[in-house]
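Following: one structure in structure tokens, then a few remarks.
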Amino acid sequence: MSATVDPLVQASQAISELIAATPAPKRRGTVLIVDDEEGPRMSLKLIFKDQYDLLLADDGPKAIELAQQNEIDVAILDIRMAGMSGIEVLERLRFVRPNLEAIMITAFETTDTMRQALRLRACDYINKPFDLGTIRGAVNQAMQRRVLESEIHNSAEKVHELLTELQNQRVEEQIAQTRGDIYASIIHDINGPLSVSFGFVQLLNQKLNQKPKLEVQDLEFIKERLVSVERQMSNCIEIQRRYLGFLRQQSSDAVSASVNVLLHDLEQLVRVHPSLQDNEFRLTPLADEISVRINGTDLIQILLNLAVNAFQCTPQPHRVEIGGEVINAPLDLTRFKDGTADRLLNIESMSNTPPLVKLWVRDTGPGIPAVVLPKIFDPYFTTKGPRQGTGLGLNIVQRLVKAANGALHVHTVAGEGTTFTVYLPGAALVK
């Protein structure tokens, strides 16, 4: 049986191999020759026609058109030309091909033109008439720089892509791990009513075996216990139906379970979470019954991550509250301003159509420093110790909120605490 290779290890190995890899074979570069005199153009063509792909232009507009249509590595420009000068052409070319190498040639060298050429990052400045070795050496060196720069850029892009893939895999694994913890707790919750029901059934079985003939009071006893068993079984069935639906990944248009039901499940998870410690915890259900258009497990994960983050904001005992309300009007987005104490995320993808469900997680901790606030949603950013967190919790919250077409607002006050508020599209509760 073959061993399964960890995708994280694969990605790390791919990055290492890419960095250590030898440069790709040199490609044939493209040289743009710009001169309004045919003699110099043809001379340069004869020198380089067997070495590079050549594009010829007899004036500035033609040169710019060729640069717009083709990838240019090196441009050779005569400074003195009718119409647009070589300096003017180079200035326009920088907008079209910012990374090309430029070599200026002229029979009329001045300090001013040299200064202008350097300002536009010309890599060489050659006087006419030029000799074969000088022009060939200048173009070859410019081409080598351009090709090397291109290879470095391409390698950097590939490394960035692999690092992004690695990061996404880490986030997905963290989401899956947290989701697994949630389902383990849900199974634990189901085990409670099952155990109660099993105890009642055993009790009834003993009662029936002990008495061959049942009295009226015995029948009442059995009836009451059967009602309790039925209630406990209904709870189990409701829990398993709800979370089986979540496992099937309902579409964003599907309406999940009641927000208050999910808050009840969340409370059971928080009460036994190790981060609770000596902190005070309060959860207040919504005054209005409503459903929310998000996978129920994702909502629990969002609020659980925010609650754990709130518990861990300081080692000193403090209070954490979870609550919410229904908003029956679109949010006035103009009142949200990013600053040293506030950040609003995902507003560009938010569904701002009522009803909206507003849920908050509030703590009385030390608040978030202004220099830290812009970084808290970055993956792997953490102010905790090396064994106290992955730095992915808030990044996961942002991703899940965005996927649900919601928005996320954080407001913090030094010495008073922080409030994370989640806005999600709601829907009428299906009876």
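How much length is gained if the chain between residue 95 and residue 45 is pulled fully straight, taking 0.36 nm per residue apart and subtracting their Cα-Cα distance, in nm to one decimal? Intermediate results must be reported in sequence, preceding the final value.
Numbers: separation 50, 0.36 × 50 = 18.00 nm, distance 2.55 nm.
Fully extending the segment from residue 95 to residue 45 adds 15.5 nm.
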Rounded to 5, the percent of DSSP beta bridges in the range 259-427 classed as antiparallel: 90
In whole Hz and in residue order, list the ³J(HN,Hα) couplings for the range 295-300 that follow from phi through the Karplus curve 6.51 cos²θ - 1.76 cosθ + 1.60, θ = phi - 60°; x for Gly and Pro. 4, x, 5, 4, 5, 4
If the cut-off is 18 Å between C-alpha atoms, which aspartates and glutamates fall inside it for residue 211, apart from same-chain ones fewer than 8 positions away? 220, 224
Distance (nanometres) between label positions extended 7 Å along Cα→Cβ at residue 342 and residue 69: 5.3
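Based only on other Cβ atoms within 10 Å, what is the fewest-to-most ordering of 42, 81?
Values: 42 13, 81 22.
Taking fewest neighbouring Cβ atoms as first place, the list is 42, 81.
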For every other residue with a beta carbon closer than 13 angstrom to the beta carbon of residue 323, add +1 if it is Lys or Arg and -1 if Asp or Glu, then tell me the sum. -1
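Note the full-extension length gain between residue 277 and residue 150 as 0.36 nm times their separation in residues minus their Cα-Cα distance, in nm to one decimal. Write out the running numbers ahead of the final one.
Details: separation 127, 0.36 × 127 = 45.72 nm, distance 5.48 nm.
So the extension gain works out to 40.2 nm.
For every other residue with a beta carbon closer than 15 angstrom to the beta carbon of residue 357, add +1 if it is Lys or Arg and -1 if Asp or Glu, then tell me the sum. Walk me through the intermediate numbers first.
Working: positive: 293, 358; negative: 288, 289, 298, 325.
Net charge around residue 357: -2.
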Net charge near residue 344 (other residues with Cβ under 14 Å of its Cβ; Lys, Arg +1; Asp, Glu -1) is +1
Counting just the Cα atoms, what span does the range 259-427 cover along each of its three principal axes? Round to the nearest Å and put the largest first. 40, 35, 26
Just the Cα atoms of the range 30-159: what Rg and Dmax do they give in Å? 14.0, 46
Residue 105 long-range amide H proximity, modeled H, under 5 Å: 77, 78, 79, 126
The FRET efficiency for residue 215 and residue 284, from their Cβ-Cβ distance with R0 = 45 Å and rounded to 0.05, is 0.40
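FYI, it's all coordinate maths here, none of it is from the lab. Computed from a prediction, not measured in an experiment: that's the story for all the values here. When we count neighbours, we look across all protein chains shown, and the Cβ atoms used for this are built from the backbone with ideal geometry, even at glycine.
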